Amino acid sequence: MPQLTSLALRDAAVLWHPYTQMQTAPLPIPIVRGEGSWLIAEDGTRYLDAISSWWVNLHGHSHPAIAERVSEQLRTLEHVLFAGFTHPTAVELAEQLLALLPANQARVFYSDNGSTAVEVALKMVLQYFHNQDQPARRTFLCFQNSYHGDTFGAMAVSARGAFTEPFWPLLFDVQFLDVPVPGHEAATLAQLDELLRRSDVAGFIFEPLVLGTAGMVMYEPEVLSEMLRRCHQAGVLCISDEVMTGFGRTGPLFASELLTEQPDIMCFSKGLTGGTMAMGLTTCAAPVYEAFLSHDKMRALFHGHSYTANPVACAAALASLELTRADECTHQRQRIEAAHAAFRREIEGQPGIRAVRHRGTILAVEYDPGEGTSYFSRLRDAFYQLALDHRVVLRPLGNVVYLLPPYCTTDEELGLLYDVLRRMRHLVLDFTPAPNLPEILHD
Ligand SMILES: Cc1ncc(COP(=O)(O)O)c(C=O)c1O
């Protein structure tokens, strides 16, 4: 047997990666260090992380202020169970977050990641009605093409797409609404009115303003506020899944700040710890929490994880929140947003470009491969490779290529990213689909 020296070869012998067809995927790129917006490979190659490592990183990799706080916490208290016990960083983080969130949010429930934050939210809604002797209310409304995670409840309220097909028979039924993209608002509101006539609707879960995995599909706060208003009139609880949009991604600290009607429940993860480690949390308004208060122990929320409110993760979150709230971070986000807007003006309407969208630090370019659009998947692979060839990490969503960079990304680094997007336009113009090749799906 050859000696497995490179990290990638050792990985290939023992590991199984997410969203990856292990038989055909190329070897993974071994990253040994992170610095600002850059990932540094075993061989010294530097890659610009244009998608913040799956949308988690806010202030750059291996940030010294977060590292300092985390290592201090590790030496003080690494973990303690969170039923019957508490600790300072969990309390401090909850206090700070509630002061920043919409005023109706009253309680924080910790968990482990975005999917578990969503599971907790769904269970809060179902048990809210159960505890009030209305168990028939158990239908969720959600957007077509939405994505809320990979656990079973989260999959159930997400799109019925290729990734979940093996599990469809086991996913509970939900009712899908069209996303109220500009021009489609009235149609979605009419769909919502129709569904709200039913007596079994319990909750409406949504990605506020930007549906990430769907292809960075964007819609406006006014129509979302109106949807929430109508849900509330019908006694339906609203869950805002801010797992991707939270902590400044859409401009303000939270997308919900742009709404005039507030959600009852909110989900967070990803940027919560600045991209340092896994943690999720679900917050709720007082009436939701109060529906669980009783002399009957069985009305409690029976959900928890071994690492609930891990002190080290809470410390990372506190350090990241301090950085996010600083003026410097606001300026960084405004600078990125302005640069995105200027680039959008440059390429919008050019041949090969179908649409360009941006909100906050998120920019999405929808390329137009012309006829034969079912060959997106191979175009996606070509985009991915082109980016890597230019030492940029991107994960195109079919024909949509998006940037979601760490806030510390400089103007010069943004310039490199826009240059790759320009090259992709030329690639699209030269692209000829090979019709006989089977399609390979990717996220
Ligand atoms: C809106 C949204 N909700 C939930 C999730 C699931 O988060 P996690 O991957 O941490 O389970 C994601 C992940 O991309 C997401 O974008």
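The values are calculated or read from the model by the stated rules, or taken from the named source; none is laboratory data. Note that the structure is predicted; figures quoted are calculated from it, not measured. Cβ: placed from backbone, ideal geometry, glycine included. Neighbour counts: every protein chain shown. For accessibility, only protein heavy atoms count, side chains too; no ligands or nucleic acids. Shrake-Rupley method; radii C 1.70, N 1.55, O 1.52, S 1.80 Å.
Using a Gaussian network model of the chain with C-alpha springs under 10 Å, which one of 213, 245, 361 is most mobile by mean-square fluctuation?
Highest fluctuation among the options: 213.
When the chain is treated as a GNM, springs tying every alpha-carbon pair under 10 Å, which of 180, 169, 351 comes out with the largest mean-square fluctuation?
169
For the modelled label position 7 Å from the Cα of residue 326 along Cα-to-Cβ, which residues of segment 34-60 have backbone nitrogen atoms closer than 18 Å?
Hits in segment 34-60 for residue 326 at 18 Å: 35-38, 57-60.
Where nothing but the Cβ of Lys and Arg (+1) and of Asp and Glu (-1) is charged, how large is the charge dipole of the chain around its Cα centre, in debye to the nearest 20?
Working: 33 positive and 50 negative charges, 66 e Å.
Dipole about the Cα centre, nearest 20: 320 debye.
Over segment 65-325, what per residue volume does the convex hull of the Cα atoms give, in whole Å³? Working shown, then result.
Numbers: hull volume 33.3 nm³, N = 261.
Dividing the Cα hull volume of segment 65-325 by its residue count gives 128 Å³.
In deg cm²/dmol, rounded to 500, what helix-only [θ] at 222 nm does the chain give when every DSSP H run of at least 4 residues adds -39500 (n - 2.57) and the total is split over its residues? Kindly include the intermediate steps, with their values, before the conclusion.
Details: 13 runs with 160 residues, N = 443.
Per the formula, -11500 deg cm²/dmol.
Taking the Cα-to-Cβ direction at residue 106 and at residue 368 and moving 7 Å from each Cα, how far apart do the two end points lie in nm?
Between residue 106 and residue 368, the simple spin-label model gives 5.2 nm.
Any chance you could check the Cα centroid distance between segment 2-64 and segment 215-290 for me, in angstrom?
Using only Cα atoms, the two centres lie 31 Å from each other.
With N set to the number of residues, divide the alpha-carbon radius of gyration of the chain by 2.2 N^0.38 Å and report two decimals.
0.99
Looking only at segment 65-325, where both bridge partners belong to it, what percent of the DSSP beta bridges are antiparallel (to the nearest 5)?
Working: 12 of 27 bridges.
Within segment 65-325, antiparallel bridges account for around 45 percent of the total.
Loop only by DSSP, 11 or fewer other Cβ within 10 Å of the Cβ. Give me the GluC sites (Glu not before Pro) in segment 18-113 that pass, ordered by residue number.
Working: sites: 35, 42, 68, 72, 78, 92, 95; in loops: 42, 78.
Filter output for segment 18-113: 78.
Hey, got the dipole for segment 12-84? About the Cα centre, +1 on K and R Cβ, -1 on D and E Cβ, debye to the nearest 20? Numbers along the way, then the final one.
Values: 4 positive and 7 negative charges, 15 e Å.
With only Lys, Arg, Asp and Glu charged at Cβ, the dipole is about 80 debye.
With the other protein chains left in place, how much accessible area per residue, in square angstrom, belongs to the chain at a 1.4 angstrom probe? Could the numbers behind the result be given before it?
Values: 20350 Å² over 443 residues.
For the chain, the solvent-accessible area averages 46 Å² per residue.
Which value, in debye to the nearest 20, gives the size of the charge dipole of segment 65-325 about its Cα centre, when Lys and Arg are +1 and Asp and Glu are -1 at the Cβ?
Working: 16 positive and 28 negative charges, 85 e Å.
The calculation lands at about 400 debye.
Of the residues 208, 406, 64, which exhibits the maximal mean-square fluctuation in a Gaussian network model of the chain defined by a 10 Å Cα contact cut-off?
Maximum fluctuation in the GNM of the chain, among the listed residues, is at 64.
Work from the charge dipole of the chain (Cβ charges, +1 for Lys and Arg, -1 for Asp and Glu, about the Cα centre) and give the residue of 332, 305, 278 farthest towards its positive end.
Value: 305.
What are the chymotrypsin sites (Phe, Trp or Tyr not before Pro) within segment 1-82 that DSSP puts in a loop, where the Cβ has at most 14 other Cβ atoms within 10 Å?
Hits after loop and neighbour filter: 16, 19.
Restricting to Cα pairs below 8 Å that are 6+ residues apart, what does the relative contact order work out to for the chain? Please round to a whole percent.
On the way: 796 pairs, mean separation 90.6, N = 443.
Relative contact order, the chain: 20 percent.
In the chain, what % of DSSP beta bridges are antiparallel (nearest 5)?
Values: 31 of 48 bridges.
Within the chain, antiparallel bridges account for around 65 percent of the total.
Given H placed on each backbone N at 1.01 Å, which residues far from residue 145 in sequence or on other chains put an amide H within less than 5 Å of it?
When sequence neighbours closer than 5 places are left aside, the close amide H contacts are 159, 160.
Once label points are set 7 Å from the Cα along Cα→Cβ at both residue 23 and residue 293, what is their separation, rounded to one decimal in nm?
Result for the modelled spin labels: 5.8 nm.
At what distance in nm do the modelled label points of residue 350 and residue 35 sit from each other, each positioned 7 Å from its Cα along Cα→Cβ?
Roughly 3.1 nm, to one decimal.
Using R₀ = 45 Å, calculate the FRET efficiency as 1/(1 + (r/R₀)^6) where r is the Cβ-Cβ separation of residue 10 and residue 222; round to 0.05.
Details: r = 53 Å, r/R0 = 1.17.
In this case the efficiency is close to 0.30.
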